[in-house]
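J.: Take this structure, written in structure tokens, and hold onto it; I'll ask about it next.
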Amino acid sequence: MVTIQDVNSAIMFGDFTNDQLNSIASAVKYRRSQISKTNVRSFWNGDSVKFVHPKTGRVHVGVVAKVKIKNVTVREGNTSWNVPASMLEAA
């Protein structure tokens, strides 16, 4: 089985052409999009969720106010956060 370190090494130090690297980047973007769609479909208005703020490291807990295409609006008290679905976890 190929490990992630093997894949990373092959990409960084291998002799891929620019077209091959573009194809790899497209595959990664596609997979990220699929994960985001799956995450968005798992949340509903009124669900309790939590996320970690990337700059402060603080954990925020709130309620889903609106589910959008890629993001979810989370209401925490009087504050609303527009959070990528990939950052959310059920609380």
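The values are calculated or read from the model by the stated rules, or taken from the named source; none is laboratory data. All values derive from a computational prediction rather than experimental measurement. As a convention, Cβ positions derive from the backbone with ideal geometry for all residues, glycine included, and neighbour counts pool all protein chains shown. SASA here: full protein model, heavy atoms, side chains in, ligands and nucleic acids out. Shrake-Rupley method; radii C 1.70, N 1.55, O 1.52, S 1.80 Å.
J.: Taking 22 Å as R0, compute the FRET efficiency from the Cβ-Cβ separation of E76 and K29 and round it to 0.05.
T.: Result of the calculation: an efficiency of 0.15.
J.: Setting aside same-chain residues fewer than 8 positions from K37, which lysines have a Cα under 19 Å from its Cα?
T.: Here the lysines satisfying the reach criterion relative to K37 are K29, K50, K66, K68, K70.
J.: Which angle between 0 and 90 degrees, to the nearest 10, do you get for helix 18-41 versus the longest principal axis of the chain when only C-alpha atoms count?
T.: That works out to roughly 20 degrees.
J.: So if each residue of separation counts as 0.36 nm, and I subtract the Cα-Cα distance between N18 and R58, what length gain in nm does that give?
T.: Once the chain is fully extended between N18 and R58, it gains 10.4 nm.
J.: Scaled to the compact-protein estimate 2.2 N^0.38 Å, what is the alpha-carbon radius of gyration of the chain, rounded to two decimal places?
T.: Normalised Cα radius of gyration, the chain: 1.43.
J.: Just N22, N45, N71 to compare: in a GNM of the chain, with alpha carbon springs under 10 Å, which one fluctuates most?
T.: Checking each option, the largest mean-square fluctuation is seen for N22.
J.: Per residue of region 52-58, what does 6.51 cos²θ - 1.76 cosθ + 1.60 with θ = phi - 60° give for ³J(HN,Hα)? Whole Hz please, x for Gly and Pro, Karplus curve as stated.
T.: Listing the rounded values in order: 9, 5, x, 8, 9, x, 6 Hz.
J.: Give me the percent of accessible area attributable to carbon and sulfur for the chain, probe 1.4 angstrom.
T.: Carbon plus sulfur share of accessible area: 56 percent.
J.: Between G62, G46, G77, where does the largest GNM mean-square fluctuation fall for the chain, given springs only between Cα atoms within less than 10 Å?
T.: G77
J.: Still on this structure, please answer the following. Enumerate by residue number the chymotrypsin sites (Phe, Trp or Tyr not before Pro) in region 19-91 meeting two conditions: DSSP loop (anything except H, G, I, E, B), and at most 14 other Cβ atoms within 10 Å of the site's Cβ.
T.: Here the sparse-neighbourhood loop sites are W44.
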